[in-house]
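Trainee: First, the structure itself, so that you have it in front of you.
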Amino acid sequence: MSSKKWVYLAMSLMLICGLGLGLTGCGKKTPEIEPPQFMETEPADTAVITEPLETEETGIMEGRTTGPMVPVYYEFDSSAIVGEQIQRIEFNAEFLKTNPDIKVRIEGNCDPRGTREYNLALGERRAQAAKRYLVNLGVDTERLNTISFGAEKLLLFGHDEISYAQNRRSDFVIIN
């Protein structure tokens, strides 16, 4: 084999290896930080929801949650209840505390990215986080049960961020 062919072969192999490493390399995953289990004070920049959000005005679907409760949405690969989702779960807690005979099933859901096993585990973490939050807000744990659907019960089947965001949620379904 001539030296020119060896150079082309070596360059081709380096290019293939470089592309392979560039496309398949993985970064470090940062650990997920859960919010505190119970907030003593309400953040100053949040308003309290006194009635359910209007879905016609906002264009936001409300999952499979039984009204007037509202679903809680999550960031990608997270079970942390943060930002405006705190207001939503607080609204649900107030509804449940004023209706002490109601029992609820909290359904954890995921977008379709990830394996079936991973999504079922993430859905369970989401449902459990919502349950813990409600219990910390004064809802009796005996009134709450959880289930994970993972990505088995998608609302939207698109492969875009709006579809993914609508599928990353916990639904609150009245069971009695």
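The values are calculated or read from the model by the stated rules, or taken from the named source; none is laboratory data. What you see is a predicted model; the values in this text were computed from it and never measured. Don't worry about glycine lacking a Cβ; one is built from the backbone with ideal geometry, like all the others, and counts go over all protein chains shown.
Trainee: For ILE102, which of the numbered conditions (1) farther than 26 Å from ARG143 by Cβ; (2) in contact with a strand residue (DSSP E or B) (Cβ under 8 Å, 6 or more places away or on another chain) fails to hold?
Mentor: Every listed condition holds for ILE102 apart from (1).
Trainee: Tell me, please, whether a residue that is touching a Phe, Trp or Tyr at 6+ places or on another chain (Cβ under 8 Å), part of a helix (DSSP H, G or I), exposed (fewer than 15 other Cβ atoms within 10 Å of the Cβ) and modelled with pLDDT of 95 or more can be found in the range 132-139.
Mentor: yes
Trainee: Does ILE174 satisfy the criteria of being closer than 16 Å to GLU62 by Cα and free of Cβ contacts under 8 Å to residues at least 12 places away in the same chain?
Mentor: Values: closer than 16 Å to GLU62 by Cα: yes; free of Cβ contacts under 8 Å to residues at least 12 places away in the same chain: no.
For ILE174, the condition - closer than 16 Å to GLU62 by Cα and free of Cβ contacts under 8 Å to residues at least 12 places away in the same chain - is not met.
Trainee: Please go through the range 157-176 and pick out each residue that is loosely packed, with under 15 Cβ neighbours inside 10 Å and part of a loop (DSSP other than H, G, I, E, B).
Mentor: Within the range 157-176, PHE157, GLY158, HIS159, ASP160, ILE175, ASN176 qualify.
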